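Here's the structure, in structure tokens; my notes come after.
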């Protein structure tokens, strides 16, 4: 039986394998220490990432400013950047971050599993491109604990580079943004805008991820036609609709929705498209859960399907401080304990910025994302005692507190 898919509403890229190195064959990608990683541990971290993905998606769709916008982000990029940050968190700050990101409390499970996933993503000799990178950018004269820097470099391959945020703020910003552009094939530009960094910045943690894959079954450009796309019951727009007929895909449907899986060349990655039957996206969004997603995946069976999906290309950018606070980690942004980074409780997250890009066309998909976590130091303001108005004074014996003289200055000029 043939089924016709007319609308694309929710895109999830399923990463089950890994890919060849970046464009520059001379670039050496550092590896992370994953010798003690287990399949069970990796599964725990993957489930944590996927649960956070659904939580954040539902949070975004319920946020008024995004209610009628396209949504696209990399939960892996955000989770990895904040996992590196979590390694320096202690007490309530760590508990809240662990709760939001579902991070394993066991250090070995968390660290070795993140390391294994990082290495898998950067694996070579595949038929598509997928790579990720982590980095720390530290204030040149600021003392971070060697233990913290060593953990991030060992398990996340995040090497620290010294910058001068105090005296060369703009140069430092451009250096970080240039690194992000390089790691995302120039798809993510100006991740950190002007004004985000300042002389109080002590650390910036970054993750970047890039993907480009061709469909296993590609669309013919000659078959692409201008068609209607029903945004809502009141609004219809014209789109370039791609079509692929008389081909077999993994497909499933329920009373509320249809699901299609479209593999990329190499068949290790795929796009899963979830389509409401009644043009009611909210009803399907309300059903989303980790259990439901796994149920839909398990229900997929190969059958002949006529496929129609629109070409699309867009970018997103999220300043996530308010979002993460509302999701349950306010302490990281105020009254934070990142003493695992520097031995004190003076550091806090000032901002989390995430930017993403996606393009879907007849050949395949290109996607990129980057996350920056900006850490600043709460500089104690100097205590000022300015006796520029009437005051009381005493002369006392310090040891006994015996007041020898007492007076008031009402007008020093009298």
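The values are calculated or read from the model by the stated rules, or taken from the named source; none is laboratory data. From a predicted model like this one, the values you see are computed outputs, not experimental measurements. Cβ: placed from backbone, ideal geometry, glycine included. Neighbour counts: every protein chain shown.
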task: Given the conditions (1) without any contact (Cβ under 8 Å) to a residue 40 or more places away in the chain; (2) in a loop (DSSP other than H, G, I, E, B); (3) out of contact with any strand residue (DSSP E or B) (no Cβ under 8 Å at 6 or more places or on another chain), report the number of the one that residue 165 does not fulfil.
output: (3)
- request: May I ask you to list pairs of residues, at least six apart or on different chains, whose Cβ atoms are under 6 Å apart, with the first in the stretch 295-324 being on the phi > 0 side of the Ramachandran plot and surrounded by 17 or more Cβ atoms within 10 Å (Cβ to Cβ) and the second being modelled with pLDDT of 95 or more and in a strand (DSSP E or B)?
  value: none
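Does any residue of the stretch 95-110 turn out to be within 24 Å of residue 331 (Cα to Cα) and touching a strand residue (DSSP E or B) at 6+ places or on another chain (Cβ under 9 Å)? Steps first, please.
Step one: filter the stretch 95-110 for residues within 24 Å of residue 331 (Cα to Cα), giving 95-107, 110.
Keeping just the survivors that are touching a strand residue (DSSP E or B) at 6+ places or on another chain (Cβ under 9 Å) gives none.
So far as the stretch 95-110 goes, no, none of its residues is within 24 Å of residue 331 (Cα to Cα) and touching a strand residue (DSSP E or B) at 6+ places or on another chain (Cβ under 9 Å).
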message: Take residue 252 and tell me if it is surrounded by fewer than 21 Cβ atoms within 10 Å (Cβ to Cβ), closer than 27 Å to residue 363 by Cβ and in contact with a helix residue (DSSP H, G or I) (Cβ under 9 Å, 6 or more places away or on another chain).
response: yes
- prompt: Regarding residue 144, is this residue in a loop (DSSP other than H, G, I, E, B), touching a strand residue (DSSP E or B) at 6+ places or on another chain (Cβ under 7 Å) and either free of Cβ contacts under 8 Å to residues at least 40 places away in the same chain or crowded, with 19+ Cβ neighbours inside 10 Å (or both)?
  reply: yes
message: If a residue must be touching a helix residue (DSSP H, G or I) at 6+ places or on another chain (Cβ under 6 Å), part of a helix (DSSP H, G or I), surrounded by fewer than 20 Cβ atoms within 10 Å (Cβ to Cβ) and in contact (Cβ under 8 Å) with a residue 60 or more places away in the chain, how many such residues does the stretch 62-92 contain?
response: 1
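From the list 325, 392, exactly one residue is modelled with pLDDT of 95 or more and over 30 Å from residue 261 (Cα atoms). Which is it? Spell out the reasoning first.
On the way: 392 fails: modelled with pLDDT of 95 or more.
Of the residues listed, the single one that is modelled with pLDDT of 95 or more and over 30 Å from residue 261 (Cα atoms) is 325.
Would the stretch 112-127 turn up any residue that is in contact (Cβ under 8 Å) with a residue 24 or more places away in the chain, assigned to a strand (DSSP E or B), touching a strand residue (DSSP E or B) at 6+ places or on another chain (Cβ under 8 Å) and more than 19 Å from residue 37 (Cα to Cα)? I'd like the intermediate steps shown before the answer.
Here is the first cut: in the stretch 112-127, the residues in contact (Cβ under 8 Å) with a residue 24 or more places away in the chain are 112-127.
Of the ones still in play, those that are also assigned to a strand (DSSP E or B) are none.
There is no residue in the stretch 112-127 that is in contact (Cβ under 8 Å) with a residue 24 or more places away in the chain, assigned to a strand (DSSP E or B), touching a strand residue (DSSP E or B) at 6+ places or on another chain (Cβ under 8 Å) and more than 19 Å from residue 37 (Cα to Cα).
The rows are residues; the columns are (1) within 24 Å of residue 51 (Cβ to Cβ); (2) under 23 Å from the mean Cα position of the chain (by Cα).
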site	(1), (2)
271	yes, yes
276	yes, no
299	yes, no
304	no, no
message: I want to confirm something. Restricting to the stretch 168-195 and keeping residues that are closer than 20 Å to residue 32 by Cβ and touching a strand residue (DSSP E or B) at 6+ places or on another chain (Cβ under 8 Å), which single residue is surrounded by the fewest Cβ atoms within 10 Å (Cβ to Cβ)?
response: 179
- line: Filtering the stretch 177-198 down to residues that are within 25 Å of residue 141 (Cα to Cα), touching a residue at least 60 places away in the same chain (Cβ under 8 Å) and within 16 Å of the chain's Cα centre (by Cα) yields 180, 191, 192
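Suppose the filter is in a helix (DSSP H, G or I), in contact with a strand residue (DSSP E or B) (Cβ under 6 Å, 6 or more places away or on another chain) and surrounded by fewer than 21 Cβ atoms within 10 Å (Cβ to Cβ); does residue 284 pass it? Break it down into steps so the answer makes sense when it comes.
Details: in a helix (DSSP H, G or I): yes; in contact with a strand residue (DSSP E or B) (Cβ under 6 Å, 6 or more places away or on another chain): yes; surrounded by fewer than 21 Cβ atoms within 10 Å (Cβ to Cβ): yes.
Against the criterion (in a helix (DSSP H, G or I), in contact with a strand residue (DSSP E or B) (Cβ under 6 Å, 6 or more places away or on another chain) and surrounded by fewer than 21 Cβ atoms within 10 Å (Cβ to Cβ)), residue 284 qualifies.
State whether the residues of the stretch 113-120 include one that is closer than 28 Å to residue 267 by Cα, surrounded by fewer than 21 Cβ atoms within 10 Å (Cβ to Cβ) and either modelled with pLDDT under 95 or in contact with a helix residue (DSSP H, G or I) (Cβ under 9 Å, 6 or more places away or on another chain) (or both).
Yes - at least one qualifying residue is present in the stretch 113-120.
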- line: For the stretch 199-228 the number of residues that are surrounded by 13 or more Cβ atoms within 10 Å (Cβ to Cβ) and in contact (Cβ under 8 Å) with a residue 60 or more places away in the chain is 20
statement: By residue number, the members of the stretch 233-249 that are in contact (Cβ under 8 Å) with a residue 40 or more places away in the chain and either surrounded by fewer than 16 Cβ atoms within 10 Å (Cβ to Cβ) or under 32 Å from the mean Cα position of the chain (by Cα) (or both) are 233, 239, 240, 241, 242, 245, 246, 247, 248, 249
